[in-house]
Amino acid sequence: MARADWDPEDLPDLSGRTYLITGSNAGLGYFATEQLAGAGAHVIMTGRNPNRLASARAAVLRRVPDASVQTLLLDTSNLGSVRAAAATARTRGGLDGLLLNAGIVHPPKERELTMDGNEVVFATNVLGHFALAGAMLATLAKARGRIVWLGSMSTSMWAYDPVDPQLESDYSPWRAYVQSKVATTALGLEADRRLRETKVAVRSIVAHPGYSTSGRTIGIHGVNEPSRLTRFTDNLQVAFTQSKDRGAWSLVRALVDPAVEGGELVGPRFVARGAPRRATPAKITRDLEIGARLWGVCEDAAGMRWPFGRAAAASK
């Protein structure tokens, strides 16, 4: 990614393109939706709460009156919901990009399981997205599209090797979060290797938003309504934080900049804040053994294999 003149506030015309974003009802997913729709793209907004999803769509239409946005119920912690949403999405036509954004940022104090029997943070942040990307792979391949996985700068500060991805023996909320981001990034890089090997014309890219806080983000009814205390405390960190809309810049660049290649990481210039640029993934996430091991774990837990052969045929 050599291009240095990317302007996140002046995106190229995206008319005719379609993107699906998980967790679109708030935070980074909402602002990525706004930015893509503002550039002319059609966006499928997904979330698990129908009321919050409807409120977010209404907010997009207030702020971008000519936006083309649809909603789709999707709970990434529930594999049945993932399969149902993917089946519906495939009937809605082509797909140029999939942004795997939804996730738990503040994990429960005690380990919890989903109805599928998976640890809830791993299920929500990692496993559901692995299953969704696999289910949409052939559709993405037809458009020579992209998969963007949401990483975190925390992976460079805590090297948690996910030898126990379901955290059956050593659960803590922080470990659950960071380990899920190590897994997400490692899987994004592993997906790129496998897509290249099988000649599937889909780019797998990782993006991270830096340190983006709601208290430094514009208030939007039904989407971002931080308390006065949150505004006060977040603004004390102005030197090393940024707003959620700026955090979404890296995600959007990873989705639409033609100069971004598969296997790259896009993040803020100053790590925690700044305009999006190429970054270096944490060493642990680049470990080939870890990537291959996690891929097998996800295949078994999700009960699926990515259809590389069918996707390769769709790429031609």
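The values are calculated or read from the model by the stated rules, or taken from the named source; none is laboratory data. None of the values given here were measured: they were computed from a predicted structure. Glycine gets a Cβ as well: all are built from the backbone with ideal geometry, and neighbour counts include every protein chain shown.
Residue count for segment 249-267 under the criterion of being within 14 Å of TRP6 (Cα to Cα) and surrounded by 24 or more Cβ atoms within 10 Å (Cβ to Cβ): the result is 9. Evaluating PRO276 against the criteria (1) surrounded by fewer than 20 Cβ atoms within 10 Å (Cβ to Cβ); (2) under 20 Å from the mean Cα position of the chain (by Cα); (3) at pLDDT 95 or above leaves one unmet condition, (1).
For the residues VAL200, VAL182, the requirement of being over 25 Å from ASP245 (Cβ atoms), touching a Phe, Trp or Tyr at 6+ places or on another chain (Cβ under 7 Å) and assigned to a loop (DSSP other than H, G, I, E, B) singles out VAL200. Return only the number of the condition from (1) β-branched (Val, Ile, Thr); (2) in a helix (DSSP H, G or I); (3) at pLDDT 95 or above; (4) within 17 Å of the chain's Cα centre (by Cα) that VAL148 does not satisfy. Among (1) β-branched (Val, Ile, Thr); (2) in a helix (DSSP H, G or I); (3) at pLDDT 95 or above; (4) within 17 Å of the chain's Cα centre (by Cα), VAL148 violates only (2). State all residues of segment 101-125 that are in a loop (DSSP other than H, G, I, E, B), under 18 Å from THR46 (Cβ atoms) and of a type in the set (Gly, Ala, Ser); if no residue qualifies, say none. Once the filter is applied, which keeps residues that are in a loop (DSSP other than H, G, I, E, B), under 18 Å from THR46 (Cβ atoms) and of a type in the set (Gly, Ala, Ser), segment 101-125 yields ALA102, GLY103. Put simply, of GLU261, GLU289 the only residue that is in a helix (DSSP H, G or I) and of a type in the set (Asp, Glu) is GLU289. Is it fair to say THR71 is in a strand (DSSP E or B) and either under 21 Å from GLY27 (Cα atoms) or of a type in the set (D, E, K, R) (or both)? For THR71, the condition - in a strand (DSSP E or B) and either under 21 Å from GLY27 (Cα atoms) or of a type in the set (D, E, K, R) (or both) - is met.
Of all residues in segment 88-111, those satisfying the criterion of being surrounded by fewer than 16 Cβ atoms within 10 Å (Cβ to Cβ) and more than 22 Å from ILE147 (Cα to Cα) are HIS106, PRO108, LYS109, GLU110. TYR160 meets the stated requirement of being part of a loop (DSSP other than H, G, I, E, B), more than 30 Å from ARG310 (Cβ to Cβ), modelled with pLDDT of 75 or more and under 21 Å from the mean Cα position of the chain (by Cα). Of the residues making up segment 1-25, those that are surrounded by fewer than 24 Cβ atoms within 10 Å (Cβ to Cβ), within 15 Å of LEU99 (Cβ to Cβ) and of a type in the set (A, V, I, L, M, F, W, C) are LEU11, LEU14.
The residues listed here are ALA41, ALA59; of these, the one that is of a type in the set (A, V, I, L, M, F, W, C), in contact with a strand residue (DSSP E or B) (Cβ under 8 Å, 6 or more places away or on another chain) and crowded, with 22+ Cβ neighbours inside 10 Å is ALA41. Determine whether segment 32-39 contains at least one residue that is part of a strand (DSSP E or B), within 20 Å of ALA143 (Cβ to Cβ) and in contact with an Asp or Glu (Cβ under 7 Å, 6 or more places away or on another chain). Scanning segment 32-39, I find no residue that is part of a strand (DSSP E or B), within 20 Å of ALA143 (Cβ to Cβ) and in contact with an Asp or Glu (Cβ under 7 Å, 6 or more places away or on another chain), so the answer is no. Only one entry in ALA59, ALA87 is among the aliphatic types (A, V, I, L, M), over 16 Å from TYR19 (Cβ atoms) and touching a His at 6+ places or on another chain (Cβ under 8 Å), namely ALA59.
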